[in-house]
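First the structure, in the form of C-alpha cells, and then the observations on it.
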Amino acid sequence: MTVGSIVQPTNEAIDRAVGVLRRGGLVGMPTETVYGLAADATNSDAVRSIFAAKGRPSTNPLILHLPDANAARRWVDFADHDWLEESWRVAAGFWPGPLTVVVPRSADVHDVVTAGLDTVGIRVPQHPVARRLLDACGFPLAAPSANPSNYVSPTLAEHVVAGLGDRVQFILDGGVCQCGVESTIIRLTPDGPQLLRPGTITSEQLTSVFGTSVPMTAVRGTETTAMPSPGLLPKHYSPRTPVRFVDRAGDVLTARVARIAFEQINDTGFLGLWTLSPVGDLDEVARRLFGALREADQIGAEAIIVDRCEESGIGRAIMDRLRRACGVGD
Ligand code: TXA
Ligand code: MG
C-alpha cells in the first residue's frame, strides 16, 4: 500500500492502523467534526512527528482522544482538584460527541502533548470509525485536525491527502464529517466552565446543563508562547485566497469572485458560486463550509466572499471560523 492512500475501514484496516500507531506512525482518522492526524499519545517521538508533519509550532498543545470518559480519567488530575468531579460529570454527558474538555492533567501525560501546560484537552469522539480505532488501540490518540498548520481543516479523506498525503501512512475513510467544524472546547475551572472554541455543542446547550453561563475567554495565543487555544490566533483556518464578508467585499469585480452563500441568492456572474444550504439551514452550512472554502481557494479568484449569520447556536462557530479565515480575529 502506498503512503497516503485512503482505505476503507474494514476490521483488517483497523488492525493495520493499530500496528502503524504502535510503531510510532501517523494515521488519518475520521471523526464527526473533522479528520484528525492521529499518533500514540504515549510515544513522544510519534507526537513530535505530528508537529513536524503539520508544520505546527510546538507551543500549540494537542488534545487526547479516548474511547470513553472512564478511560480518560487516568490522564486527568482529580486528586488535587476536588471541584472537578462534578463539572467533569456534567461535561462527560456530551460524550461521545463533539466536545473537548480542558482539565488539569495527570503526571502521565507527556509534556510534548500539552506544550508544557498543566492542563490537557480530552475528547471522546462519536464517529464509529474513530470509536473502533480507539477501542482497538488501548492507548490515547493525540490528534489535531489533519491539515497543514493554519490551513482549513479537512472534512473528507481526500482533503487529508491533498494537504498531508506524503506524511501520513494511510487515511481511514469515514466519509464526509457530519459536524464539519472542529469540536467545541471548554475549560473547566473552580469558578465554572469557560468557552475556548465554539462548535456544534452550543453555548446554549452548555449553559443549560451547567446551569451557569459559559463565557468565551479572552485568552489570546501567539506563535511563541505556550498558549491557550486554538484558533485563538487571529489568523487561522485560512485559505490562501483572501476571504471577506459580503458587506466588506469592496470593489472586487464579480467575475473574479468566489462567492459562498449560506442560502439561495439571486446574484449571478461570479467566477464560482457555492450555495451551502438552499434553505439556509446553519447545520448544513457548517457541514459544507470547509469543503467550499477549499474548492473556492482553487479557482484563481481574487477574493472569496462569504455571508454572515446570526451568532447564536451553531452560528457562533460558523462566524468564529469565518472571522479567522478573514484574518480579523474577533
Ligand atoms: O474536533 C476536533 O477537536 C478535532 C478532531 C480531530 O478531534 N481536533 C482538533 O485539534 O481540532 P486541533 O489541535 O486542530 O485543535 C485543538 C485546539 C488546539 O488549537 C489547541 O490550541 C487547543 O485545542 N488546546 C489543546 N490543549 C489545550 C489546553 N491544554 N488548553 C487550552 N487549549 C488547548
Ligand atoms: Mg486545527
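Values quoted throughout were computed directly from the atomic coordinates according to the rules given, and no laboratory measurement underlies them. From a predicted model like this one, the values you see are computed outputs, not experimental measurements. Backbone-built Cβ (ideal geometry, glycine too); neighbour counts: all protein chains shown.
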Report summary line: Here region 171-179 yields Karplus 3J(HN,Hα) values (6.51, -1.76, 1.60; θ = phi - 60°; whole Hz; Gly and Pro given as x) of 10, 6, 7, x, x, 7, 5, 5, 7
Query - Residues whose placed amide H lies under 5 Å from that of Asn150, excluding near-sequence neighbours - result: Tyr237
Requested in this report: Give, in nm to one decimal, the length gained when the segment between Ser58 and Val328 is fully stretched (0.36 nm per residue of separation minus the Cα-Cα distance).
Outcome: 94.8 nm
Requested in this report: Please list 102-108, 208-214, 139-145 highest first by mean number of surrounding beta-carbon atoms within 10 Å per residue.
Outcome: 139-145, 102-108, 208-214
Query raised in the report: Karplus couplings for region 143-155 from phi (6.51 cos²θ - 1.76 cosθ + 1.60, θ = phi - 60°), rounded to Hz, Gly and Pro as x?
Result: 8, x, 4, 8, 10, x, 3, 6, 8, 5, 5, x, 10
Query raised in the report: Does region 78-170 classify as rounded, prolate or oblate by the C-alpha gyration tensor (a ≥ b ≥ c root eigenvalues; a/c under 1.5 gives rounded; else a/b over b/c gives prolate, otherwise oblate)?
Result: prolate
Report summary line: Sorted by chain and number, the residues with a modelled amide H under 5 Å from that of Thr119, at a separation of 5 or more or across chains, are Arg105
Report summary line: Answer in debye to the nearest 20: the dipole magnitude of region 77-157 about its Cα centre, from +1 Lys/Arg and -1 Asp/Glu charges placed on Cβ, is 540 debye
Query raised in the report: Amide H neighbours of Met216 under 5 Å, counting only residues 5+ apart in sequence or on other chains, H built in-plane at 1.01 Å?
Result: Leu195
Query raised in the report: In nm, to one decimal, how far is the Asp68 label point from the Asp166 one, both placed 7 Å along Cα→Cβ?
Result: 4.3 nm
Report summary line: So the FRET efficiency between Trp83 and His110, C-beta based with R0 = 25 Å and rounded to 0.05, is 0.45
